[in-house]
């Protein structure tokens, strides 16, 4: 049990990468808070896991919701050892001038401002406990950007760099901060990233740019997160781990 006696809060955990992380962490002995805007979906995931899980409805773009999620997790399990900022959002692939300001702000509110809120809420708790682990979900989009997703790409570039800066500043507190940068994955956002038309031919064209020849599976992310969150990675911080089958080489 690689996460025995650990408690993890995972945002965006009602589906996709976050759901796989929650299930994998529970298998390895962790108690998990399933945090998602989709409260019904979060409850379904928590119910399937059992007593080691609790569901919390949360809009990660709102400070009061994030604070309540952290307080609710501590109330349920007594502590938080691992916080995973996984929740994210994108608009459909389109020319950059077609994206309006409201959409731009929503991308940054969910992908970037959420980490600001989470950091302010969790760092005092981690400091009181003598340390902790924060994992942020960035993207290969912030390393090797694709046309049609400029503002999304920039938000994930911010996540990737923010992780490194947080790691440096929080290292004296024994708080490790790392990042996972997946290539396009088999999640609900896949069609959004692909753009129109989302055809088997266009998917095959993109997959041909991935040396290992496939998209990122949620379990790829879950296993990578498990390693970074575990004590096996105790000397790793500021790492942006590319879960990409070689896409960014």
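Angle of helix 150-170 to the longest C-alpha principal axis of the chain, folded into 0 to 90 degrees and rounded to 10: 30°.
The order of the peptides 226-234, 28-36 by mean Cβ neighbours within 10 Å, most packed first, is 28-36, 226-234.
Compared with the direct C-alpha span, the chain from residue 76 to residue 1 gains 24.9 nm at full extension, assuming 0.36 nm per residue. Considering only beta bridges that DSSP places wholly inside region 10-128, some 0 percent are antiparallel. Between residue 47 and residue 208, the simple label model (points 7 Å from Cα in the Cβ direction) yields a spacing of 4.6 nm.
For region 106-227, the Kirkwood estimate of hydrodynamic radius, built from reciprocal distances between every pair of different alpha carbons, is 15.8 Å. Every Cα-Cα pair of region 182-249 was included, and the share exceeding 17 Å stands at 49 percent.
Segment residue 64..residue 128, full-extension length gain: 20.9 nm, with 0.36 nm per residue of separation and the alpha-carbon distance subtracted. Under the simplified labelling scheme, the residue 120-residue 201 pair shows an inter-label distance of 5.0 nm, with each label point 7 Å from Cα along Cα→Cβ. Taking packing as the residue-averaged number of other Cβ atoms within 10 angstrom, the listed peptides 184-193, 88-97 run from highest to lowest as 184-193, 88-97. Dividing the mean sequence gap of close Cα pairs (under 8 Å, 6+ apart) by how many residues the chain holds gives a relative contact order of 20 percent. Among 122-130, 202-210, 58-66, the peptide with the highest mean count of other Cβ atoms within 10 Å heads the list, and the full ranking is 58-66, 122-130, 202-210.
Using just the alpha carbons, could you tell me how many Å³ per residue the convex hull of the chain encloses? It is 118 Å³ per residue.
R0 = 22 Å: FRET efficiency of residue 161 with residue 234, Cβ-based, nearest 0.05? Computed FRET efficiency for residue 161 and residue 234 comes out at 0.40. For region 84-109 versus region 172-249, the inter-centroid distance based on Cα atoms is 19 Å.
Full extension of the segment from residue 219 to residue 174, taken as 0.36 nm per residue of separation minus the current Cα-Cα distance, would add 13.4 nm.
Measuring nothing but how far apart in sequence close Cα pairs (under 8 Å, 6+ apart) lie, relative to its length, region 101-189 scores a relative contact order of 35 percent.
Throughout, read-outs are computed from the coordinates displayed, never taken from laboratory work. Note that the structure is a prediction, hence the values are computed from the model and not measured. For neighbour counting, all protein chains shown are included, and Cβ atoms are generated from backbone atoms with ideal geometry for every residue, glycine included.
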